[in-house]
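To start, the structure itself, in structure tokens.
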Amino acid sequence: MLTAAGLGHTFSNGRVETLALDGVSCAFEPGSFTAIMGPSGSGKSTLLYCLAGLIRASAGSVAFDATELTTAKQRQLDLLRRDEFGFIFQSFNLIDALTALQNVTLPSLFGGPAIPREQAVNALANVGLSEKVKSYPAELSGGQQQRVAIARALAQTRRVIFADEPTGALDRKSGFLVMDQLRRFRDVGTAVVMVTHDPQIAAYADRVLFLVDGRLVDTMDAPTAEAVSSRMTGLESAAR
């Protein structure tokens, strides 16, 4: 469904070029749950953004079904992100003038599929915010705002959900609650692609991809928190 082949990306400020991805190839099947891990600066978020079409890779290809994201027109990418992809960012991207419920239904305001009110309310309840439906972002804590953003991604069935440190602003209980919800999407064929630094969160995935200096150096199937932690310790030691 989603495939990257020889993916490379270089950032440039006009004077200095930084290689963020170097020949990464990977594939994501319907109903799969993949975590992306690696030391700081290893290219995790860059890979996620290239896979989602938010960054056009400098080299290689990203294909979603029959659409080549690296050469697609902007309108094609906009429609994919509206209708097929769900996003959970570290920055919450909530609209201050809208309630939690309205923020969850926001994609439908831009021409996307309608999100029934009951469905949106259930999405908020599933992340522990049933009593915050009418609250505005300014009335919510940072962790609660993050959960609204997560509910927005979970309110509709998407082909792929991209998550960048989705539990980074949450307490452990709320984080595990959100991960339980993400895992349920496998049953409806949604692929989840998640960047995390937390071995316990990565253990919710079916597979972990490990990056170092922009290169894919290892994969782990059926990960456990202990095995992921041990592998990360080795990678970070080698990076130093």
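The values are calculated or read from the model by the stated rules, or taken from the named source; none is laboratory data. All values reported here derive from a predicted model rather than from experimental measurement. As a convention, Cβ positions derive from the backbone with ideal geometry for all residues, glycine included, and neighbour counts pool all protein chains shown.
For region 169-189, residues that are within 14 Å of the chain's Cα centre (by Cα) and surrounded by fewer than 22 Cβ atoms within 10 Å (Cβ to Cβ) total 3. Regarding region 96-105, can at least one residue be identified that is of a type in the set (S, T, N, Q), surrounded by fewer than 21 Cβ atoms within 10 Å (Cβ to Cβ) and part of a helix (DSSP H, G or I)? Within region 96-105, one or more residues are of a type in the set (S, T, N, Q), surrounded by fewer than 21 Cβ atoms within 10 Å (Cβ to Cβ) and part of a helix (DSSP H, G or I).
Is it true that some residue in region 129-148 is touching a Pro at 6+ places or on another chain (Cβ under 8 Å) and within 21 Å of Ile36 (Cα to Cα)? Yes - at least one qualifying residue is present in region 129-148. Set side by side, the residues Phe210, Phe176 differ, and just one is out of contact with any Lys or Arg (no Cβ under 6 Å at 6 or more places or on another chain), of a type in the set (Phe, Trp, Tyr), closer than 22 Å to Gly31 by Cα and in contact (Cβ under 8 Å) with a residue 60 or more places away in the chain, which is Phe210. Give the residues of region 196-207 that are without any contact (Cβ under 8 Å) to a residue 60 or more places away in the chain and either among the hydrophobic types (A, V, I, L, M, F, W, C) or surrounded by fewer than 16 Cβ atoms within 10 Å (Cβ to Cβ) (or both), sorted by residue number. Correct list: Ala203 only.
Residue count for region 131-151 under the criterion of being surrounded by 18 or more Cβ atoms within 10 Å (Cβ to Cβ) and part of a helix (DSSP H, G or I): the result is 10. In region 1-94, counting only strands (runs of 3 or more DSSP E) that sit wholly within it, the ones holding 3 or more residues that are over 14 Å from the mean Cα position of the chain (by Cα) span 2-12, 17-28, 59-64. Within region 13-67, the set of residues being surrounded by 13 or more Cβ atoms within 10 Å (Cβ to Cβ) and on the phi > 0 side of the Ramachandran plot comprises Gly23, Gly31, Gly38, Gly41, Gly43, Gly53, Gly60. In region 120-130 there is no residue matching the filter, namely being assigned to a helix (DSSP H, G or I), more than 22 Å from Arg183 (Cα to Cα) and modelled with pLDDT of 90 or more.
For region 68-82, enumerate the residues that are of a type outside the set (S, T, N, Q), in contact with a strand residue (DSSP E or B) (Cβ under 7 Å, 6 or more places away or on another chain) and surrounded by 14 or more Cβ atoms within 10 Å (Cβ to Cβ). Before the answer, list the steps.
Residues of region 68-82 that are of a type outside the set (S, T, N, Q), as a first pass: 68-69, 72-73, 75, 77-82.
When the remaining residues are screened for being in contact with a strand residue (DSSP E or B) (Cβ under 7 Å, 6 or more places away or on another chain), the result is 68-69, 80.
Once the filter is applied, which keeps residues that are of a type outside the set (S, T, N, Q), in contact with a strand residue (DSSP E or B) (Cβ under 7 Å, 6 or more places away or on another chain) and surrounded by 14 or more Cβ atoms within 10 Å (Cβ to Cβ), region 68-82 yields Leu69, Leu80.
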